[in-house]
Amino acid sequence: MCWHERGFWSEIEKLQRFNSLQGMEATGITSHFWIASSECFSSALLVVAEDVGEKASRALVSCSVCDVDGVPVQEFQVEYPAREVGVIELQPFLSALKMRDGLAHGHLIVRTNEGFRHFCRYQLGEQSAMVPTPRLNRGREMSFMPLLLGSHREHLLVLVNDSEAESQVVLRIMYGTRSPEWTVQIPPNGSRMVSIEKELLPTFDDSSWKKGVVQGYLRVSPRGSGAISSAIIERVESIEGDNEMYRWIGV
């Protein structure tokens with residue numbers, strides 16, 4: 001999903017038509033989002049009613065914020081009319097996030113009753129992305145995300161451990177005939193952010209991806225009993241270096 005302004009409410013209408021609900025539990029719905037705190041980066045939680053029944057008049061949203069190491073640092077609840085779209089600006093609740101990987105970031109856990117969908121709206125400068133509840137990978141389930149590698153691009157991989165168990169994640173980048181692999185450890189309820197071009201690829205004895213644009217993809221494979229969600233923030237520089245475009249790549 002691209003980081004640019006589109007008709008905000010028309011985008012909500014499209015997302016409301018999604019049929020599948022992620023993270024449904026017996027007592028309601030739980031979603032897990034990666035979040036960050038920065039002067040140039042902001043985020044908002046949106047809660048949209050799909051089918052709340054005739055008697056429901058109020059919606060209660062319960063949120064927990066965990067830092068990069070999975071330590072709970074903030075909890076809050078918001079109540080609003082059930083048939084409205086709930087919009088919660090998250091920055092006031094993120095001041096306790098730890099700095100790691102060059103950015104203060106963490107893990108947001110959202111809980112509501114059934115009949116609601118959760119979205120996170122990320123804003124970076126004048127560019128934005130509307131992201132539905134991320135898909136969770138459990139056990140040996142894999143996620144695949146496309147990559148365009150090049151000297152004017154950077155891909156920031158964000159990983160969230162959505163479980164109470166420490167998780168090991170195997171990352172494999174496949175381009176041309178090459179397929180280097182790395183392993184990342186994520187504590188329970190923690191998060192990690194990894195630059196593919198600055199942290200991973202320099203440890204592999206190949207630099208052909210710097211010449212022109214090379215197409216490939218990233219495979220994310222969790223190990224153990226944890227549940228992992230992942231996404232990529234792609235940064236593209238103009239050839240002159242005076243402008244940047246961002247894109248959110250999720251699964």
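Within the stretch 87-97, the residues that satisfy the criterion of being surrounded by 14 or more Cβ atoms within 10 Å (Cβ to Cβ) and part of a loop (DSSP other than H, G, I, E, B) are LEU90, LEU94, ALA96, LEU97.
In the stretch 219-240 there is at least one residue matching the filter, namely being outside any loop (DSSP other than H, G, I, E, B), in contact (Cβ under 8 Å) with a residue 60 or more places away in the chain, surrounded by fewer than 17 Cβ atoms within 10 Å (Cβ to Cβ) and in contact with a Leu (Cβ under 8 Å, 6 or more places away or on another chain). Just one of the numbered conditions (1) free of Cβ contacts under 8 Å to residues at least 40 places away in the same chain; (2) under 27 Å from GLU114 (Cβ atoms) is not true of ALA96: (2). When residues of the stretch 154-172 are filtered for being within 22 Å of VAL213 (Cα to Cα) and either in contact with a Pro (Cβ under 6 Å, 6 or more places away or on another chain) or surrounded by fewer than 20 Cβ atoms within 10 Å (Cβ to Cβ) (or both), how many remain? Selection size over the stretch 154-172: 3. Within the option set SER207, SER163, being under 19 Å from ARG138 (Cα atoms) and of a type in the set (Ser, Thr, Tyr) holds for one residue only, SER163.
Within the stretch 182-210, being out of contact with any Lys or Arg (no Cβ under 9 Å at 6 or more places or on another chain) and either among the small types (Gly, Ala, Ser) or farther than 16 Å from HIS155 by Cα (or both) holds for PRO187, PRO188, ASN189, GLY190, SER195, ASP205, SER207. ALA165 falls short on exactly one of the conditions (1) at pLDDT 95 or above; (2) farther than 28 Å from GLN91 by Cβ; (3) of a type in the set (A, V, I, L, M, F, W, C), and that condition is (1). For the stretch 191-208, the set of residues classified as part of a loop (DSSP other than H, G, I, E, B) and touching a strand residue (DSSP E or B) at 6+ places or on another chain (Cβ under 9 Å) consists of PHE204, ASP206, listed by residue number.
To keep it simple, each residue is scored yes or no on (1) in contact with a Lys or Arg (Cβ under 9 Å, 6 or more places away or on another chain); (2) assigned to a strand (DSSP E or B); (3) touching a residue at least 60 places away in the same chain (Cβ under 8 Å); (4) among the acidic types (Asp, Glu).
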| residue | (1), (2), (3), (4) |
| --- | --- |
| ALA104 | yes, yes, yes, no |
| HIS107 | no, yes, yes, no |
| TYR122 | no, yes, yes, no |
| ALA129 | yes, yes, yes, no |
| ARG140 | yes, no, yes, no |
| HIS155 | yes, yes, yes, no |
| VAL158 | yes, yes, yes, no |
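Between GLU75, GLU84, GLU79, the distinction of being assigned to a loop (DSSP other than H, G, I, E, B), among the acidic types (Asp, Glu) and loosely packed, with under 14 Cβ neighbours inside 10 Å belongs to GLU84 only. Among the candidates GLN185, GLN215, GLN168, the residue that is more than 26 Å from ASP69 (Cα to Cα) and assigned to a strand (DSSP E or B) is uniquely GLN215. Within the stretch 107-132, restricting attention to residues that are over 11 Å from the mean Cα position of the chain (by Cα) and modelled with pLDDT of 95 or more, the residue that is surrounded by the most Cβ atoms within 10 Å (Cβ to Cβ) is HIS118.
Buried (at least 16 other Cβ atoms within 10 Å of the Cβ) and basic (Lys, Arg), is that true of ARG135? It is true that ARG135 is buried (at least 16 other Cβ atoms within 10 Å of the Cβ) and basic (Lys, Arg).
The values are calculated or read from the model by the stated rules, or taken from the named source; none is laboratory data. Being a predicted model, the structure only gives us computed values, none of them experimental. A quick note on method: Cβ atoms are made from the backbone with ideal geometry, for glycine too, and the neighbour counts reach across all protein chains shown.
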